[in-house]
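Asks: Below is one structure. I have some questions about it.
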Amino acid sequence: MIQSATFKLTLWYLGIIMVLSVLFSAALYNESTSQLDAGVGNQRASIARLPLPREFEPRRTAFLEDLDAQLSDAHQKILLRLVALNMLTLALGGAASYMLARRTLRPIEDALEAQGRFTADASHELRTPLTAMRTEIEVSLRQKELSSTEARELLTSNLEEIAKLESLSAGLLRLARSDGGLDPAAVTEVPVTEIFSEATRRFQVLINQRDVTLDVTAGDETVSGDRDSLIELIALLLDNAIKYSPTGSSIALTSQASGGFVRLAVADHGIGIAASDLPHIFDRFYRADRSRSKDKIEGYGLGLSIVKRIVDLHQGTIHAESEPDKGTTFRIKLPTHHAPKKAQALLAA
Ligand code: ADP
């Protein structure tokens, strides 16, 4: 598909170049031959007017005929040079058009590749719980009799897999929606205290269960943006902070305003992230090996890519500082005022 698009675009570019080149050549030919004709015409007229004795008449005629021949020869030479110039333009323009077409289409090619990878990763992740459910059901069906305890176990396990599928599809949906952009109409001044309190409210049960100490420091600063997305942003970071920290540890949410920016931080004392994983954690479906294997912490590697997307949409920046077994701090810098670019709603799940 990209190849045929490159070919078509090359032809278009080359067509434009050649039309311009031919038009320019035609104008040049017209201008130079008319100047030549005018100059030779004047000369011809003066010679024709010269009062010469009769015996010189044949020589004058021969001279004028020679002049005409030279003029037509000059016309031909100009034409040939312009044709050669256009051939050269065709060859060089062809190469330049191809390079330009490749360069124009490269971002689209990259986006298509990323989309293909995303679809493959998403279907792989969606298949895993489905395969688990299918295997469990098949094994149970092979048994002659199924006790009610076994049936209960099967259904409970199936429910767990369904919950995973729900969480995965919710993540995918959030990503797809956030790809649309930020709705300028949804942008308001949101107090940071409100963002923090709404995000922590979602995890209150888990915070109590895991005996997490939460330190929240925020003043009266506000962030301009989409309220639901900003809450989602902190909620996703808080979810990770709780998920990747041991029971009884402490998490800090802080906010500070300075120079037209609000700096938010989510800091934990959890398992941390290896330096080799840090550059990839915002990639879709990326999970550090430690979180995959060690204590089998559930996740799909989508949370941080949603976080990054929300920060980008708010024209902010985010980076993580981490030390394995010491903890992780995510620092976000958001402008207090910004002009959202695209007009489509970013809906929180
Ligand atoms: P996941 O669903 O796996 O948590 P995320 O996109 O939210 O996906 O995070 C990507 C990876 O980054 C995680 O798998 C984990 O390895 C690492 N990570 C994110 N947040 C933290 C944290 N607070 N502490 C330790 N590791 C983290």
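What follows draws every value from the coordinates through simple rules; no lab data is involved. It should be emphasised that the depicted structure is a prediction, and the values quoted were computed from it without experimental measurement. Cβ: placed from backbone, ideal geometry, glycine included. Neighbour counts: every protein chain shown.
Asks: On alpha carbon coordinates alone, what is the Rg over Rh value for the range 232-289, Rh being the Kirkwood radius? Let's see the in-between values first.
Replies: Values: Rg = 13.2 Å, Rh = 13.0 Å.
A ratio of 1.01.
Asks: Given all pairs of different Cα atoms, what value in angstroms does the Kirkwood hydrodynamic radius of the range 39-98 take?
Replies: 14.4
Asks: In nm², what is the average projected area of the convex hull enclosing the Cα atoms of the range 17-169?
Replies: 16.2
Asks: In whole Hz, with x marking every Gly and Pro, tabulate ³J(HN,Hα) for the range 214-231 from phi via Karplus 6.51 cos²θ - 1.76 cosθ + 1.60, θ = phi - 60°.
Replies: Each residue of the range 214-231 in turn: 10, 9, 10, 10, 8, x, 9, 5, 10, 10, 8, x, 7, 3, 4, 5, 5, 5 Hz.
Asks: Beyond 21 Å, what percent of the Cα pairs of the range 2-74 remain?
Replies: Result for the distance tail: 54 percent.
Asks: While we're looking at this one, here's another question. Over all Cα pairs of the range 141-187, how is the pair count split among 5 Å bins, expressed in % and running from 0 up to the last occupied bin?
Replies: P(r) for the range 141-187, in whole percents per bin: 5, 17, 13, 13, 10, 9, 9, 7, 6, 5, 4, 2, 0.
Asks: For the range 155-259, state the semi-axes of the equivalent ellipsoid (square roots of 5 times the eigenvalues of the alpha-carbon gyration tensor), sorted largest first and rounded to whole angstrom.
Replies: 27, 22, 9
Asks: Please report, to two decimal places, log10 I(q)/I(0) for the chain at q = 0.15 Å⁻¹ as given by the Debye formula with identical point scatterers on the Cα atoms and no solvent.
Replies: -1.25
Asks: Using the Cα atoms of the range 83-211 to build a convex hull, what is its mean projected area in square nanometres?
Replies: It is 17.7 nm².
Asks: Using unit Cβ charges (K, R positive; D, E negative) and no other charged atoms, how large, in debye to the nearest 20, is the dipole of the range 17-95 about its Cα centre? Intermediate results must be reported in sequence, preceding the final value.
Replies: Details: 7 positive and 8 negative charges, 18 e Å.
It comes to approximately 80 debye.
Asks: Looking at the range 103-201, which trypsin sites (Lys or Arg not before Pro) are DSSP coil and have at most 11 other C-beta atoms within 10 Å of their C-beta?
Replies: Passing both the DSSP loop test and the Cβ count: Lys144.
Asks: Then there's this: What is the total of Lys pairs in the chain with C-alpha atoms under 25 Å apart, excluding same-chain pairs fewer than 8 positions apart?
Replies: Number of lysine pairs found: 18.
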